[in-house]
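To start, the structure itself, in structure tokens.
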Amino acid sequence: MNIRTVNLTRTFRVGSSEIAAVKAVNLELKEPKLFAVIGPSGSGKSTLLNLMGLNDYPTSGNIFVDDADASQLSGRERRRIRNTRMGFIFQTFNLFPTLTALENVELPMSLANKSQEVQEEKALKLLERLGLSNRRDHRPKQLSMGEMQRVAIARALANNPEVIVADEPTGELDSRTAREIIILLQDVNEIEKTMVVVATHDEKIIDVTDKVYTMQDGRLKAED
Amino acid sequence: MLFNGQVTVVSKDAIVVQAIPISGGMLPEDSTVKELVNISGVATVTPVLFVTSVGSQGMVQAVPVNFTMGIPVDDWGLVLGPIPLRPSGHFPANDSSNEIVAGASIADQYNWTVGIDIRVNGYTLHVSGVFDTKMALLNRCLVMPLTLAQTIYNYPQSVNIIAVKPLQNIAQQNLTTAIKQRIGYVSALTETERNDIVQPVLDQVQTWTLGIEAVVFVMSLILVMTVTVMSVSERRRDFATLDAIGAPMSYIFRVVVIETLLIGVLGGIIGVAFGSLTALMLASFYTSIPVTLFFPSVLEIVPPVYMLEMFTAIVGICCLGGIIPAVNAMRMHIAEVLRAEY
């Protein structure tokens, strides 16, 4: 999947003033590389990722997904892309508390109308690969932070996405667990050939990324 | 149905609810019966003494606990219709016997069985039978020969209701007109008129009930909606995550509505059970009859159709109350939720 942004701008109205979280960002994510978007809090990293993940609409400018203008896509098409071609990892994991680890991983496949057998087989494989086979029937509250983020990664990989969008995936984790998660994301990128876009403060991620973008006051600059 | 197909004659100053004089108005038995028999169009005349239980202060109870009916033995079938008795029971042999037949509810309450003797107002009475019917009035009734009732309750030669059966080709309305013209001190009522007396009261009760139901319906709807809106709001991150991972809007809508539907089904079962139990307890409270005696008749007190109506209403309210929160859930997007959180 290729993602390209052209003069991407997102502003928010706060009271009577308008705040531009993302200002005229031009960006092209082409190959299955591991990209990092870094920058201080409030610099617009998460907003940019939400726009590229089709979870938000730009105020102006365009996002192209494989040369298709995202603004021309219907809500249903955007959902289908998010479900089948993208995977999301959040800082706070966003697992469903009433579902087990296995069910959390199965959910995106269920939404993609895959059969129960396929869902279970794939979810078990992913949990095994992420070292969570023995935690398959545990609910999020019974898991450690690192385990929760690994379940979230398994969920993001469930539908074999072409791109993983990870917003501060190590933000809630201690340094050792954060390191494990970074290695996992690197593996996903190298083995699955999945593009990974990470918004982060974590310097350790920068060491393993192919390209780093820095956000400052909503503007983007690239660093290799 | 008591007095089926018959005209009832009561004293003019009697207060009558349906066929039953609940207060005032005794009639001289012999002379009234004689006059009625002589009216053309009359087939049979049956004098009845109907006594309701009285409270400790001698006041008429709003909900009488039990009743006594004195009826000439030969005319029991005319007044009561074909009512079966529990096994081994029999109807009193003659008008001078001290045999009585008890309603099933009273018999169960006091452990009366066929063949035992009981004391009422200082008289020893022999229980010759127990009615085997679920008719509410007869369930709480002692039926005995008329003369025995007149003696026990000290109403010699007096009755308070006379059932008059018209000849086959005589309309009840014509007969009541004739009776009122002939006997100045009585009031005669056709079956329709008897029902018409209480119909306005029943209509008013129904109107009030409908009003209360409507208020409860709206309040429940608001309550369910508020609780579900709060519940959805507390789980906004979950719904936004569902949206982020590509769940269709209809899926998110279904999640919320099915949740409220399940709450409705559970609430409906608990509500109907609790409501029925409350109805039985209220009936027990107002009549001083042990609540356990009402259990076998729970489906008469709270009919299954009514239970089903209530259940459906509860489930309906819950589903309806889930619609707005479901629409709210559908509109939750991860970007907005995360922005609000950080």
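FRET efficiency for the pair A:S17 and B:S231, taken as 1/(1 + (r/R0)^6) with r the Cβ-Cβ distance and R0 = 56 Å, rounds to 0.95.
Length available on full extension from A:R139 to A:M1: 0.36 nm per residue minus the Cα-Cα distance, which gives 46.4 nm. With a Förster radius of 35 Å applied to the C-beta separation of A:R219 and B:L266, the computed FRET efficiency comes to 0.05. Take each residue in B:236-245, count the other chain C-beta atoms within 10 Å of its C-beta, and the mean is 6. Each part reduced to its alpha carbon centroid, segment B:256-287 and segment B:134-172 end up 40 Å apart. Relative contact order of segment B:198-341: 46 percent, from C-alpha pairs under 8 Å at least 6 residues apart in sequence.
Each of B:V37, B:V143 has some number of other Cβ atoms within 10 Å of its Cβ, and from fewest to most they run B:V37, B:V143. With a simple spin-label model that places each label point 7 Å from the Cα along the Cα-to-Cβ direction, the separation between B:T113 and B:F217 comes to 5.1 nm. Listed by chain and number, the lysines whose C-alpha is less than 21 Å from the C-alpha of B:K34, apart from same-chain residues fewer than 8 away, are B:K12, B:K165, B:K180. At most 16 other Cβ atoms within 10 Å plus a DSSP loop assignment makes a site exposed; report the longest stretch of chain A without any exposed GluC sites (Glu not before Pro). Longest gap between qualifying sites, sites excluded: A:1-171. Note on B:F295 and B:D13: with the Förster distance fixed at 45 Å, the Cβ-Cβ geometry gives a FRET efficiency of about 0.65. Quick check: the distance between the Cα centres of segment B:75-117 and segment A:39-105, to the nearest angstrom? Centre-to-centre (Cα) distance: 81 Å. Listed from fewest to most Cβ neighbours within 10 Å, the set B:C319, B:C141 follows the order B:C319, B:C141. Each principal axis of the Cα cloud of segment A:128-224 was taken in turn, and the coordinate range along them, longest first, works out to 44, 27, 21 Å.
To the nearest ten degrees, helix A:101-111 and the longest principal axis of the Cα atoms of chain A are 60 degrees apart.
Dipole magnitude for segment A:1-88: about 260 debye, using +1 per Lys or Arg Cβ and -1 per Asp or Glu Cβ, origin at the Cα centre. Taking the C-alpha atoms only, the angle from helix B:172-182 to the longest principal axis of chain B is near 50 degrees. Of all the options B:F294, B:F239, B:F50, the one that moves most in a Gaussian network model of chain B with Cα springs shorter than 10 angstrom is B:F239. Relative to the longest principal axis of chain A, what angle (0 to 90°, nearest 10) does the C-alpha long axis of helix A:145-157 take? Long axis of A:145-157 versus the principal axis of chain A: about 80 degrees.
Only helices enter the 222 nm calculation for the protein assembly as shown: every DSSP H run of n ≥ 4 contributes -39,500 (n - 2.57), and dividing by all residues gives -14000 deg cm²/dmol, rounded to 500. When the C-alpha to C-alpha distance is required to be over 26 Å, the pairs from A:K45/A:K204; A:K45/A:K141; A:K45/A:K211; A:K114/A:K193; A:K30/A:K221; A:K33/A:K204 that qualify are A:K45/A:K141. Label positions at A:N113 and B:L277, each projected 7 Å from the Cα along the C-beta direction, are separated by 4.7 nm. When the P(r) is computed for segment B:198-341, the part past 21 Å accounts for 57% of the Cα-Cα pairs.
Remark: A:T209, A:T84 ranked as A:T84, A:T209, counting other beta-carbon atoms within 10 Å and listing the fewest first.
Throughout, read-outs are computed from the coordinates displayed, never taken from laboratory work. Just so you know, these numbers come straight off a predicted model, no measurement behind them. Counting neighbours? That spans all protein chains shown, and the Cβs are built from the backbone with ideal geometry, glycine included.
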